[in-house]
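The values are calculated or read from the model by the stated rules, or taken from the named source; none is laboratory data. Predicted, not measured: the structure shown is a model, and the values here were computed from it. Note that each Cβ is placed from the backbone with ideal geometry, even for glycine, and that neighbours are counted across all protein chains shown.
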Amino acid sequence: MKVGMKYIHARPIWLRVCMMAFCLMLMGSVWMTTAWAVESLESGSAQKVFDQASLFTESQAEALEERAAQIAEEEQYDIAIVTTNYTGSMVTYEYAESFYEKNGIGYGDNKQGFLLLIDMDNRQVYIDEYNAWEENFQLSTRERDAILDVIMEYAYDGDFYGVADSFLDELPQYLNNGISGDADYQYAIEHGEPGQERSLTFGEAVQESLPLAALAALVIAGITLIILVAVQKTGAKPSSAEYQKGALRIYRRNDTFINTTVTKHKIETSSSSGGGGGGGSSHHGGGHSGGGRSF
Amino acid sequence: MINYKCPQCGAYMIYNPAKKCLICEYCGKTEDIKVLSAEEQAELLQEAEASSEVWEETVTDETNGEQVMMRHYICKNCGAEIMTDENTAATMCGFCGNPTLIEDRLSGETRPTKVIPFSFSREEAIEKFRAWTKKGKLTPSVFSSSASLDKVTGLYVPYWIYDFDVDAQMQATATRVRHQRKGQYEYIYTDHFALDRGVEVGYERIPADASKKMPDDVMDRLEPFDYKEMVAFEMPYLSGFQADKYDYKGEELESRAAARASSYAETATRNTMNGYATVNVVHKNIRPKRTKMEYTMFPAWIVNYTYQGKSYFVTMNGQTGKIVGKRPISVARAIGWFAGVYAGSFAIVLLILAAMMMG
Ligand SMILES: [Zn+2]
Ligand SMILES: [Zn+2]
């Protein structure tokens, strides 16, 4: 008899393609979730202004206290305005998070809230959010940047009351559902691009989804075809377990520790200090999220 | 030349996989397979030799120019000429179908020690093949009905099976990684280890097909065979089937089986180096020691068929029914499936994405 057929061991190839495609789809869906999911929060505590660095006059502090309390009550999320001259061994965001937790800040059971930290030690302004994903309010990175854009102008001029006051102006605009459209509209005028959180019509949503859907469908159809082609061939190789006689006898097993090598790298967080207006960044940890900038 | 004749009617008897005995095709009489003593075997061989009319000739194989020794017998049933090549150990008369065993290729050092008999009949083999042609989403719809069976051959394939004790020594460097954050810096600690393993592992009955004309890759894929049904060799198991004696001696194929044992042992040893982020094998010494070697015959159905003017064949494990082969692919069906899945998944993904965007 003549042997003219080729037998290809196809399983690992399509298996690998399947896994790759699954990862692609997973990545795609994670990206979509973070890009489009509407995120947010709400929160209230007794003291709102903690001016440890004495940056405000007494009347300024009272005014801020009153406004912050009013917003917290109306919007159901807590607001704290904190200033400090010394953060000890902590970097800015760590100080903000620890201050938030140690001083009982937060509204309701979830302890939702926002903390504005003016850190004179590291010369940073930092916005910390807590449990911000619990409800229908949350600052997106872009919204936080938009707020920082406004309030940092005061910081560069050394007007720290201006920083806190404008923070209280800006924050509710981005968090209150009713006027979030306005905020996005304002943002669009200032930055020349439409806000993504604006709700889309079905037609627009479909149109924006077209390229990704086309790509995903291509991947799914491709994998399906590869599997179907692989199934046309039959006869897989046997496993080694078929032939092993008894158990493995390990008569020598030495794992000897030799040494440890260390490398270090700087963590890219809000704690970076530098020239005025230098790049802000965000940090996520525990229930906290936030971002800040140096001045 | 050996034939098994019905003691009742004188017709020939063949091995029946369902009844596991010899059966007369004419009157249905069955006869158990006897285990012969050495004397009985010698007697049988002598008798067979004395009664055979046989001559040999050397011919040139037109395809590769090699000299091939052909042996001719006269069928004791119908008197026709039975031609065998130099490896044929069992065959059938081309005219009357009389099963014929070539005793000198099944005795002495060419006598297998074990055999796995066929476990299903030719009719069942054809049924299994037909079922196989109906499967596969890309199989052309006319394949099952229009693939014509040319030949279904039940062939005992010569195999050597080997036992190995493998000693594997393996040294490797390995690392574990820890992270720690201190202030603005992240410290990455890498712990380095030296690993040393000594492992003993046994493998038994690793098969290697000893037939030149059967492709090794196909035969490897016919595995596994179930060794529980392997029995001591007796010639009646071959009656009614084709059988070839080995082309390669056991020593010649030992390296192939040893390579498999070594590769299994290497993987098993490597798998004992667990719990590390990276493992880099720097030295290994795998020594397989053959402890046993046996000559056996395993059953396979070779199904030749013609589809759209071209001839193909598939190989079927004669014990388990596992098929090694490739079904044809219909381009139209492939395009149809691709387009259908594309359209369906496109619509679903689009809806999901749009819904997510609208929140
Ligand atoms: Zn009979
Ligand atoms: Zn005949």
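Side notes on the structure shown:
- In segment A:62-100, residue modelled with the lowest pLDDT [restricted to those that are small (Gly, Ala, Ser) and touching a strand residue (DSSP E or B) at 6+ places or on another chain (Cβ under 7 Å)]: A:Ala72
- Some residue of segment B:155-162 being surrounded by fewer than 16 Cβ atoms within 10 Å (Cβ to Cβ) and within 11 Å of chain A (Cβ to nearest Cβ): no
- Pair list, Cβ under 6 Å, 6 or more apart: segment B:1-19 residue in the same structural domain as B:Ala80 (by TED's automatic domain parsing) and in contact (Cβ under 8 Å) with a residue 24 or more places away in the chain, other residue among the β-branched types (Val, Ile, Thr) and within 11 Å of ligand 1 (Cβ to nearest atom): B:Asn16/B:Ile23
- Within segment B:295-317, considering residues that are out of contact with any Gly (no Cβ under 8 Å at 6 or more places or on another chain), more than 14 Å from chain A (Cβ to nearest Cβ) and crowded, with 16+ Cβ neighbours inside 10 Å, the one nearest to B:Glu251 (Cα to Cα): B:Thr296
- Filter result for the condition that a residue is crowded, with 17+ Cβ neighbours inside 10 Å, within 11 Å of chain A (Cβ to nearest Cβ) and touching a Phe, Trp or Tyr at 6+ places or on another chain (Cβ under 6 Å), over B:Ala257, B:Ala268, B:Ala243: B:Ala257
- Set side by side, the residues B:Asn87, B:Asn64 differ, and just one is away from ligand 2 (no atom under 14 Å from the Cβ) and modelled with pLDDT under 85, which is B:Asn64.
Residue by residue, here is whether (1) within 13 Å of chain B (Cβ to nearest Cβ); (2) over 29 Å from the mean Cα position of the chain (by Cα); (3) on the phi > 0 side of the Ramachandran plot; (4) at pLDDT below 85 holds:
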{"position": "A:Gly181", "(1), (2), (3), (4)": "no, no, no, yes"}
{"position": "A:Asp184", "(1), (2), (3), (4)": "no, no, no, yes"}
{"position": "A:Ser199", "(1), (2), (3), (4)": "yes, no, no, yes"}
{"position": "A:Gly235", "(1), (2), (3), (4)": "yes, yes, yes, no"}
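- Matching residues in segment B:318-332 - criterion: being over 17 Å from B:Ala147 (Cα atoms) and more than 8 Å from chain A (Cβ to nearest Cβ): B:Gly318, B:Gln319, B:Thr320, B:Gly321, B:Val331, B:Ala332
- One residue stands out among those in segment B:182-205 that are of a type in the set (Lys, Arg) and over 34 Å from the mean Cα position of the chain (by Cα): the one that is nearest to the other protein chains (Cβ to nearest Cβ), which is B:Arg197.
- Taking the listed residues A:Ala213, A:Ala221, the one that is at pLDDT 85 or above and in contact with a Leu (Cβ under 7 Å, 6 or more places away or on another chain) is A:Ala213, with no other qualifying.
- Test: residue in segment B:173-181 that is within 7 Å of another protein chain (Cβ to nearest Cβ) and under 30 Å from A:Tyr93 (Cβ atoms): yes
- Of everything listed in (1) modelled with pLDDT of 85 or more; (2) within 16 Å of ligand 2 (Cβ to nearest atom), the single unmet condition for B:Val54 is (1).
- Scanning segment B:104-115 finds no residues that are within 15 Å of ligand 2 (Cβ to nearest atom), away from chain A (no Cβ under 14 Å), out of contact with any helix residue (DSSP H, G or I) (no Cβ under 7 Å at 6 or more places or on another chain) and charged (D, E, K, R).
- Tally, over segment B:333-359, of residues that are within 30 Å of B:Ala125 (Cα to Cα) and more than 7 Å from chain A (Cβ to nearest Cβ): 1
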